[in-house]
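Only one structure is covered here, and it is reproduced in the block below.
The values are calculated or read from the model by the stated rules, or taken from the named source; none is laboratory data. Predicted model, so just to flag it, every value in this text is computed and none were measured. We place every Cβ from the backbone using ideal geometry, glycine too, and count neighbours over all the protein chains shown. For accessibility, only protein heavy atoms count, side chains too; no ligands or nucleic acids. Shrake-Rupley method; radii C 1.70, N 1.55, O 1.52, S 1.80 Å.
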Amino acid sequence: LTNSITIGRLGKEATASAYVGTLIFTVLQMLITGVESGMTVASSRSWGERDREKIRKITSFGTCVIFSLGIIATVFSLFFPQVFISLFLRGGLSSVAAVYLRLVSVSFPFFCLSGALGVALKSVESPKIAAIASTSAFLINLDLNYVLVFGKIGFPALGIKGSAIATIVARIAELAILLLYVFAIDKK
């Protein structure tokens with residue numbers, strides 16, 4: 001959402017290029033939502049039974065599957081962006097779209113891990129931290145988009161590249177918040 005709002009001010013070429021990256025992200029998100037749904041049902045049931053070992057196994061397996069999907073999407077986006085782009089876009093925008101897709105795809109594994117951790121926390125009755133991490137990522141992305149896309153507070157204007165960098169930083173921050181909570185605060 002933040003990327004679309006910010007990039008929309010850069011013109012049609014940037015908007016169309018970011019749209020392609022967003023479509024690929026949406027496909028990835030749909031795939032991992034299926035895995036996360038299964039994790040939620042199985043983990044919540046195990047939490048009701050107070051079977052923590054089963055929750056660990058479910059969470060570990062689901063996280064591995066989700067992370068693998070993120071890595072696969074990243075590798076293909078980094079090395080074969082034109083293949084993905086050709087599925088969604090025809091015309092002269094493919095080089096700009098490839099630059100954006102290559103950069104933004106670095107955020108995919110971080111997004112996947114954050115999603116898996118968020119599901120695990122929700123299934124053991126700790127949903128607030130996932131909401132806090134997600135909201136923080138949104139705000140970081142929004143602020144960094146403004147700074148990096150338009151070149152504010154002494155940074156150069158990076159355009160669409162700045163938006164991709166903002167997304168990466170926001171996803172890393174989101175995951176860092178969740179990891180800090182899971183390993184330093186949460187005892188479940």
Whole-number Å³ per residue for the convex hull built on Cα positions in region 118-176: 63
Fraction of alpha-carbon pairs over 15 Å apart in region 1-51 - percent: 61
Selection from THR74, PRO156, SER123, by position along the positive dipole direction of region 51-184 (Cβ): THR74
Cα-projected label distance for ASP186 with PHE155, points at 7 Å along beta-carbon direction, nm: 2.9
List ILE172, ILE32, ILE140, ordered by accessible area with a 1.4 Å probe, largest first: ILE172, ILE140, ILE32
Modelled label reach - LEU23, point 7 Å along Cα→Cβ, region 56-75 residues with backbone N closer than 17 Å: none
Kirkwood Rh and Cα Rg combined as Rg/Rh, region 1-112: 1.12
Check: region 143-188 dipole with +1 on Lys, Arg Cβ and -1 on Asp, Glu Cβ, in debye: 60
Computed accessible area, LYS57, all protein chains, 1.4 angstrom probe, square angstrom: 130
Estimated dipole of the chain in Debye, rounded to 20 [Cβ of Lys and Arg +1, of Asp and Glu -1, Cα centre]: 60
Correct choice for Rg and Dmax of the Cα atoms in Å that was computed from the model, options [x] 17.7, 56; [y] 27.6, 85; [z] 18.8, 68: [x]
For region 1-36 and region 106-167, distance of Cα centres in Å: 13
Relative contact order of region 45-168, defined on C-alpha pairs under 8 angstrom at six or more residues apart (%): 23
Calculated [θ] (222 nm, deg cm²/dmol) that DSSP helices of n ≥ 4 give over the chain, each run adding -39,500 (n - 2.57): -27500 deg cm²/dmol
Extension gain, LYS128 back to THR15 (0.36 nm per residue minus Cα-Cα distance, nm): 37.4 nm
